[in-house]
Amino acid sequence: MHSLPIIDIAPLYNTDESAWPAVAEQIDRACREWGFFYITGHPISPARINELLTAAKTFFALPAAEKLKIDITQTAHHRGYGAIATEQLDPSKPSDLKETFDMGFHMPAEHPEVLAGKPLRGSNRHPQLPGWEELMEQHYSDMQALANTLLRAMTLALNIDRDFFDTRFHEPISVLRMIHYPPRHTGSSTEQQGAGEHTDYGCITLLYQDDAGGLQVRARDGDWIDAPPIAGSFVVNIGDMLARWSNDRYTSTPHRVISPLGVDRYSMPFFAEPHPDTEISCLPNCSDAANLPKYPSVTSAEYLLSRFADTYAYRREEQQG
């Protein structure tokens, strides 16, 4: 039977570090064999998740005209609302049957990086809903802290400096996303999936999914397996950026979402991505004479922007125009 590993990361929050290596070993094995795993024992409370779900349902139920006041296609830094079919993750399928809200690391208009026009830098664009902005900004911060904890554990397995990722995730370009998947029967065709087959672009993704189901992961033998909801967990997966960093020691695994029948699905992925100027090149202990570096060096921002152009028509038009 195929099933993704479940890892209790509670020991990573103990000041006694004696149990950290055992957790790091489990994470390392899951990253090498699957590129996907569940985590439990994290500090994000069920009450927080319930608040977020309520907020998401309220926002996505708004009239289209209200949501489009923060239309993501009208920004240079990829923040705001993405209407259904804005994304096309699998170019062989129709555009995705989902709508989204994206936010990132907030920088005010007078920040030097914003004034300089650096890519993916700017202010978040929140809907005018009571308590929304405070809730989302706090959750973004808490999810980045959780991602940093996981990355710190990975440094033990990768045998690199403990603060390697901490220093590179200063003012990151991580993205917190809220997603609403309408029921499958609302699709434009039977071929339209909630999210087409894809790998994630960034470093690691931490996903909360509600109890509707629909997430599928492609196993090493090519079979698609379900990654069902597990109460109190996040699903973690490796993105392409960490695969490049680790010279494919850690693999970025294809996955998709099949919209459920008869119900709406809500999920909340957090895409942990480093500072835009971070150089992504082979880590010191991930290559040798028999396993040379496979990928050219690239900055975090350059890589993400190249992938966005493949996924979003409006990004392609910006580059071409």
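The values are calculated or read from the model by the stated rules, or taken from the named source; none is laboratory data. Predicted model only: the values in this text are computed from it and were never measured. No Cβ is skipped: glycine too gets one built from the backbone with ideal geometry, and neighbour counts run over all protein chains shown.
From the list Asp71, Asp90, Asp96, the lone residue that is farther than 24 Å from Ile204 by Cα and either acidic (Asp, Glu) or in contact with a Leu (Cβ under 6 Å, 6 or more places away or on another chain) (or both) is Asp71.
The single condition among (1) at pLDDT 95 or above; (2) under 22 Å from Ser92 (Cβ atoms) that Pro254 does not satisfy is (1).
Would you please name the residue that is surrounded by the fewest Cβ atoms within 10 Å (Cβ to Cβ), looking only at residues in the range 54-112 that are over 21 Å from the mean Cα position of the chain (by Cα) and of a type in the set (S, T, N, Q)? Residue satisfying both the conditions and the ranking: Ser92.
Applying a threshold of 9 Å to beta carbon distances and a minimum spacing of six or more residues, or different chains, the list of pairs starting in the range 221-233 at a residue that is closer than 24 Å to Leu150 by Cα and ending at one that is in a loop (DSSP other than H, G, I, E, B) and of a type in the set (D, E, K, R) reads Pro228/Asp211; Pro229/Asp210; Pro229/Asp211; Ala231/Asp211.
For Pro284, the conditions (1) modelled with pLDDT under 90; (2) in a loop (DSSP other than H, G, I, E, B); (3) touching an Asp or Glu at 6+ places or on another chain (Cβ under 7 Å) are fulfilled apart from (3).
What about Ser188, is it in contact with a helix residue (DSSP H, G or I) (Cβ under 6 Å, 6 or more places away or on another chain) and either at pLDDT below 95 or more than 29 Å from Ala61 (Cβ to Cβ) (or both)? No. Figure legend. Inter-residue proximity from the range 140-158: first residues in contact (Cβ under 8 Å) with a residue 24 or more places away in the chain and closer than 14 Å to Ile7 by Cα, second residues small (Gly, Ala, Ser) and part of a helix (DSSP H, G or I), beta-carbon distance below 6 Å, spacing 6+ or different chains. Indicated pairs: Ala153/Ala24. When Gly202 is tested against (1) in contact with a Gly (Cβ under 8 Å, 6 or more places away or on another chain); (2) farther than 30 Å from Ala47 by Cα, exactly one condition is not met: (2). Within the range 138-162, the set of residues being more than 16 Å from the chain's Cα centre (by Cα) and either surrounded by 16 or more Cβ atoms within 10 Å (Cβ to Cβ) or among the aromatic types (Phe, Trp, Tyr) (or both) comprises Arg152, Ala153, Met154, Thr155, Leu156, Ala157, Leu158, Ile160. Residues in the range 218-238 that are closer than 15 Å to Trp34 by Cα and over 15 Å from the mean Cα position of the chain (by Cα): Arg218, Ala219, Arg220, Asp221, Gly222, Asp223, Trp224, Ile225, Asp226, Ala227.
Check the range 116-128 and report whether any residue there is of a type in the set (A, V, I, L, M), in a helix (DSSP H, G or I), more than 24 Å from Arg265 (Cβ to Cβ) and free of Cβ contacts under 8 Å to residues at least 12 places away in the same chain. The answer is no; no qualifying residue exists. For the range 82-101, state whether one or more residues are within 18 Å of Met136 (Cβ to Cβ) and part of a helix (DSSP H, G or I). Looking for residues that are within 18 Å of Met136 (Cβ to Cβ) and part of a helix (DSSP H, G or I), one finds none in the range 82-101, hence no.
Checking the range 11-29 against the condition returns a match, with at least one residue being closer than 30 Å to Gly222 by Cα, buried (at least 20 other Cβ atoms within 10 Å of the Cβ), in contact (Cβ under 8 Å) with a residue 24 or more places away in the chain and under 20 Å from the mean Cα position of the chain (by Cα).
Each row is one residue, and each column tells you yes or no for (1) of a type in the set (S, T, N, Q); (2) on the phi < 0 side of the Ramachandran plot; (3) modelled with pLDDT under 95.
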position	(1), (2), (3)
Glu134	no, yes, no
His139	no, yes, no
Arg152	no, yes, no
Asp166	no, yes, no
Tyr181	no, yes, yes
Gln209	yes, yes, no
Asp221	no, yes, yes
Asn247	yes, no, no
